[in-house]
Amino acid sequence: MTAADEPDQQALGTLLVVLAAFTFALVALVVNSDPLPLLVATEARFFVCWVLSALCMLRFKTSLGLRWFGSAEVRKLLLLRAVLSFSFQTLWWYSLQRVPFGNCIAIMYCSPVLTSIWSEIFLGEEPPMLFPAQALLSIVGTLLIVEPPFMRSEDVGASVPMGDYTPVFAALLVCSINPVVTRQTRSCSWIEVEHVCAFVACLVLNPLLLAAQYAMGGGLPMLSDHGHSFKELGLILAAAVGAFAGLAMETKGYQLAEVGKATMFRYLEVPFAYVLQVLCTSKQASFNALAGSALILLCVSLGPLSRHLQDKKAAAVESSAK
């Protein structure tokens, strides 16, 4: 009997996955509510992740045979993964500061549908059997959340600002590509991957964006002298630590529990995010947004069923071939 088959291990692993989901929603709330300039916030986030990953490298470098920038064979892929990770985090935090974060989180759960497309194109993997239904549900759900002009009446469209979801969809696109690249770096430890991503983001890419902002006449973001910005910076640093802790809990949870069962509880992040949005922000959740989120969650929940049908089909083909 494996550890995942033991009830206590399954329960503990599932609990860690749920706690990770709630932690990610709380981090999104902090980013949504914190008025700190975007590039200052992301630099703080990347710095914390770099320090934590560097400490992990120092602790496990010898015992696990880790390399600071991974093996030479996959170094280019690690750099690509770093660029994608940086792009997603910057677009994601930019989105969270401008549109209701409950809607952002719900839309991001469409990424597995796009990932299925990229994995078929670049990895030759077979798409899920229920992919057409999943794609339809995700499209309809996203339309209900975003409410484009053709879905709104004239009086509502004129009086209710819906926000610009362009950066959300850009973040969704990057997020959907990330697993395909990550799959190609599976020969590296996750510590190596996280260190490269944080190092490149903190010391190269984010400073380049700050320099570009300065060169284009926007100036550099400054902290006020009244202590408020330092408090906001502290919140962002706490959010960065929370994000790192959430990732650790999620990783450990999937190691203890059966992934197919535990991941279903991961979707509790969406209703929890909407509860936080209603209680802690001035943005209320519309009926269309809740309905669209439900369709997206239904879309994602079809994933395990699709895998079960594919396994059953493969077993039938193998049995008939004997």
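The values are calculated or read from the model by the stated rules, or taken from the named source; none is laboratory data. Predicted model only: the values in this text are computed from it and were never measured. Cβ placement follows ideal geometry from the backbone for every residue including glycine, while neighbour counts extend to all protein chains displayed. Ligands, DNA and RNA are excluded from the accessible area calculation, which covers all protein heavy atoms including side chains. Shrake-Rupley method; radii C 1.70, N 1.55, O 1.52, S 1.80 Å.
State all residues of segment 272-294 that are open to solvent by 60 Å² or more (accessible area, probe 1.4 Å), part of a helix (DSSP H, G or I) and not aliphatic (A, V, I, L, M); if no residue qualifies, say none.
Once the filter is applied, which keeps residues that are open to solvent by 60 Å² or more (accessible area, probe 1.4 Å), part of a helix (DSSP H, G or I) and not aliphatic (A, V, I, L, M), segment 272-294 yields CYS280, PHE287.
Run THR23 past the list (1) touching a residue at least 40 places away in the same chain (Cβ under 8 Å); (2) touching a helix residue (DSSP H, G or I) at 6+ places or on another chain (Cβ under 9 Å); (3) surrounded by fewer than 18 Cβ atoms within 10 Å (Cβ to Cβ) and report the number of the one that doesn't hold.
(3)
Exactly one of (1) more than 23 Å from CYS188 (Cα to Cα); (2) open to solvent by 60 Å² or more (accessible area, probe 1.4 Å) is unmet by TRP93. Its number?
(2)
Could you please give the count of residues in segment 165-199 that are open to solvent by less than 50 Å² (accessible area, probe 1.4 Å), within 21 Å of LEU114 (Cβ to Cβ) and part of a loop (DSSP other than H, G, I, E, B)?
Residues that pass the stated criteria total 2.
Given the criteria at pLDDT below 85, assigned to a helix (DSSP H, G or I) and open to solvent by less than 50 Å² (accessible area, probe 1.4 Å), does VAL156 qualify?
no
Kindly check whether there is at least one residue in segment 110-121 that is within 25 Å of GLN277 (Cα to Cα) and open to solvent by less than 50 Å² (accessible area, probe 1.4 Å).
Yes, because at least one residue in segment 110-121 is within 25 Å of GLN277 (Cα to Cα) and open to solvent by less than 50 Å² (accessible area, probe 1.4 Å).
Here's a check for you: in segment 58-78, which residue that is closer than 28 Å to LEU210 by Cα and over 19 Å from the mean Cα position of the chain (by Cα) is surrounded by the most Cβ atoms within 10 Å (Cβ to Cβ)?
First, pick out the residues of segment 58-78 that are closer than 28 Å to LEU210 by Cα: 68-70, 75-78.
Restricting the remaining residues to those that are over 19 Å from the mean Cα position of the chain (by Cα) gives 68-70, 75-77.
On the way: TRP68: 11, PHE69: 16, GLY70: 22, ARG75: 15, LYS76: 11, LEU77: 19.
Among residues in segment 58-78 that are closer than 28 Å to LEU210 by Cα and over 19 Å from the mean Cα position of the chain (by Cα), the one surrounded by the most Cβ atoms within 10 Å (Cβ to Cβ) is GLY70.
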